[in-house]
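Written below as structure tokens is the structure these notes are about.
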Amino acid sequence: MKTQVAIIGGGPSGLLLSQLLHKRGIDSVVLERKTKDHVLGRIRAGVLEQGFVQLMEEAGCADRMHAEGFTHDGALISYGDEIFRVDFTRHTGTPVMVYGQTEVTRDLYDARERAGGRIAFNVEDVVIHGADSDHPHVTYTVGGEAQRLDCDFVAGCDGFHGVSRQTIPLSVRKEYEKVYPFGWLGILSETPPVNHELIYANSSRGFALCSMRNDNLSRYYIQCSLSDSPEDWTDEAFWEELGRRIPQEYAGKLVTGPSIEKSIAPLRSFVTEPMRWGRLFLCGDAAHIVPPTGAKGLNTAASDIHYLYSGLRAFYETGSETGIDAYSARALRRIWKAERFSWWFSSLMHRYPDQSEFDLKMQIADLEFLRSNEAAQKSMAENYVGLPY
Ligand code: RFL
Ligand code: PHB
């Protein structure tokens with residue numbers, strides 16, 4: 001088989017790139033290790049930046065998002081007995097969009113299928129060959145049968161555990177990592193959200209987040225120990241703990257119900273450099289991870305796709321390699337800022353097992369400053385709604 005761009009990974013990064021390229025007449029093939037249902041079963045991101053929304057518009061996939069998604073102008077932050085609101089729209093002129101990653105991915109799959117896009121599911125043993133040559137190719141198996149895909153470029157959109165990053169030799173690749181000493185236990189429940197905006201809570205019992213997908217679908221998280229497993233937490237225990245961590249006026253309004261999904265995510269900051277090796281480009285979680293506190297994971301994946309798509313478009317339309325040559329540096333400049341914001345917001349909101357009394361005072365002082373200072377809120381709002389591409 002032959003294509004212009006071989007895309008490893010059929011998550012949101014790979015599908016968005018494939019659809020954007022298609023709109024410009026550039027052919028791609030997506031290779032996905034799992035089934036479509038498996039990809040759609042992952043409950044992940046919920047908050048999308050305006051830049052992401054615009055890319056979905058450009059991809060021709062934003063109609064349902066605009067009809068069913070929710071525009072949020074701000075979010076609440078609580079600590080101790082204090083609660084305050086950061087108004088994103090007042091500070092930046094830009095709201096965020098609350099629309100689940102599952103729905104984004106479904107819309108992208110629908111668009112690729114309508115356009116007759118080639119997506120292979122259940123692919124195994126993916127190997128990228130000749131990434132540092134002008135004629136790379138990818139080999140893989142489907143149902144035990146060996147396949148070969150010849151291409152001009154390879155986009156590694158295969159997430160943190162994929163093969164693309166590992167293809168870049170260790171002599172070229174440098175990795176930066178911070179692992180946090182706690183995880184997030186998340187549940188999805190068919191209950192009305194406790195508030196119409198998100199609540200990020202720093203309590204003496206640990207972090208909690210009240211989020212949502214729609215008027216009758218709530219997403220809640222609590223900081224948990226890394227040794228916990230979802231089975232350790234009954235729904236009752238989860239609701240009780242959540243109620244203890246959020247301000248009383250909201251705890252009293254919590255509508256509880258059975259969870260329809262329950263999972264634990266570890267928290268990690270991770271960046272690999274460079275994001276390009278020859279004709280292989282890394283995008284999204286394949287290249288970088290942020291702790292979910294700032295809602296930046298999928299959004300940084302989207303900015304990578306924007307830079308790569310622009311570079312590939314220029315290459316195919318004019319022959320210019322300037323965009324693809326600049327890809328890694330441009331993407332990383334924005335990623336490190338999102339890494340900083342996610343690290344800062346995580347540090348601000350969680351209780352650390354080894355936190356000294358001094359550390360705690362610093363955290364409270366930082367929260368006090370944010371609560372009372374317009375410039376600090378503006379800075380937070382600018383980062384939360386997304387820095388410019
Ligand atoms: P994905 O989604 O991991 O997709 C990669 C795809 O590649 C496939 N794959 C392979 N395919 C072929 N061959 C191989 N060898 C392969 N290896 C892997 C996988 O099966 C998969 O389908 O990466 P992508 O596309 O880069 O997307 C990244 C996002 O999924 C991720 O950054 C976000 O979900 C992070 N995230 C959030 N991001 C936000 O912007 N806003 C949020 O509100 C937000 N909340 C979250 C989050 C992530 C969370 N978890 C569980 C980590 C909340 C949580 C709890
Ligand atoms: C979510 O709704 O899943 C969500 C929202 C905000 C975050 C992280 C996750 O910071």
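The values are calculated or read from the model by the stated rules, or taken from the named source; none is laboratory data. If you're wondering where the values come from, they're calculated on a predicted model, not measured in any experiment. Here Cβ is always computed from backbone atoms with ideal geometry, including for glycine, and neighbour counts include all displayed protein chains.
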Note on the stretch 144-169: residues assigned to a loop (DSSP other than H, G, I, E, B), among the charged types (D, E, K, R) and more than 9 Å from ligand 1 (Cβ to nearest atom) are Asp152
request  = Using the structure shown, decide if Thr256 is in contact (Cβ under 8 Å) with a residue 40 or more places away in the chain and among the polar types (S, T, N, Q).
outcome  = yes
Restricting the stretch 93-146 to residues that are farther than 21 Å from His38 by Cβ and among the small types (Gly, Ala, Ser), the one nearest to ligand 2 (Cβ to nearest atom) turns out to be Gly93
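For every residue, the table says whether it meets (1) touching a residue at least 40 places away in the same chain (Cβ under 8 Å); (2) in contact with a helix residue (DSSP H, G or I) (Cβ under 6 Å, 6 or more places away or on another chain).
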residue: Met97; (1), (2): yes, yes
residue: Arg114; (1), (2): no, no
residue: Ala120; (1), (2): yes, no
residue: Val126; (1), (2): yes, no
residue: Gly143; (1), (2): no, no
residue: Leu149; (1), (2): yes, no
Check your understanding: Condition test on Tyr176, is it in contact (Cβ under 8 Å) with a residue 24 or more places away in the chain, within 16 Å of ligand 2 (Cβ to nearest atom) and not polar (S, T, N, Q)?
Key -> no
Of the conditions (1) of a type in the set (A, V, I, L, M); (2) surrounded by fewer than 21 Cβ atoms within 10 Å (Cβ to Cβ); (3) within 19 Å of Leu332 (Cβ to Cβ), the single one that Ala115 does not satisfy is (3)
Among Arg42, Arg106, Arg112, the single one that is within 15 Å of ligand 1 (Cβ to nearest atom) and either at pLDDT below 95 or in a loop (DSSP other than H, G, I, E, B) (or both) is Arg42
If you check Tyr250 against the conditions, is it among the hydroxyl-bearing types (Ser, Thr, Tyr), at pLDDT 95 or above and within 12 Å of ligand 2 (Cβ to nearest atom)?
no
It is to be established whether one or more residues within the stretch 217-228 are of a type in the set (Gly, Ala, Ser) and surrounded by fewer than 22 Cβ atoms within 10 Å (Cβ to Cβ). yes
Of Thr234, Thr141, the only residue that is away from ligand 1 (no atom under 14 Å from the Cβ) and β-branched (Val, Ile, Thr) is Thr234
Next item on the list: For Pro193, indicate whether it is surrounded by fewer than 19 Cβ atoms within 10 Å (Cβ to Cβ) and modelled with pLDDT of 95 or more.
Entry: no
When the stretch 254-272 is checked residue by residue, the ones that are touching a Leu at 6+ places or on another chain (Cβ under 6 Å) and either buried (at least 17 other Cβ atoms within 10 Å of the Cβ) or of a type in the set (Gly, Ala, Ser) (or both) are Ile264
Note on the stretch 8-27: residues within 14 Å of Tyr109 (Cα to Cα) and surrounded by 24 or more Cβ atoms within 10 Å (Cβ to Cβ) are Gly9, Gly10, Gly11, Pro12, Ser13, Gly14, Leu15, Leu16, Leu17, Ser18, Gln19, Leu20
Counted residues in the stretch 300-320 being more than 13 Å from ligand 1 (Cβ to nearest atom), hydroxyl-bearing (Ser, Thr, Tyr) and crowded, with 24+ Cβ neighbours inside 10 Å come to 2
Mind checking whether some residue in the stretch 263-271 is in contact with a helix residue (DSSP H, G or I) (Cβ under 9 Å, 6 or more places away or on another chain), free of Cβ contacts under 8 Å to residues at least 40 places away in the same chain and under 24 Å from Tyr220 (Cα atoms)? no
Residues in the stretch 239-262 that are among the polar types (S, T, N, Q) and either closer than 12 Å to Tyr221 by Cα or not in a helix (DSSP H, G or I) (or both) total 2
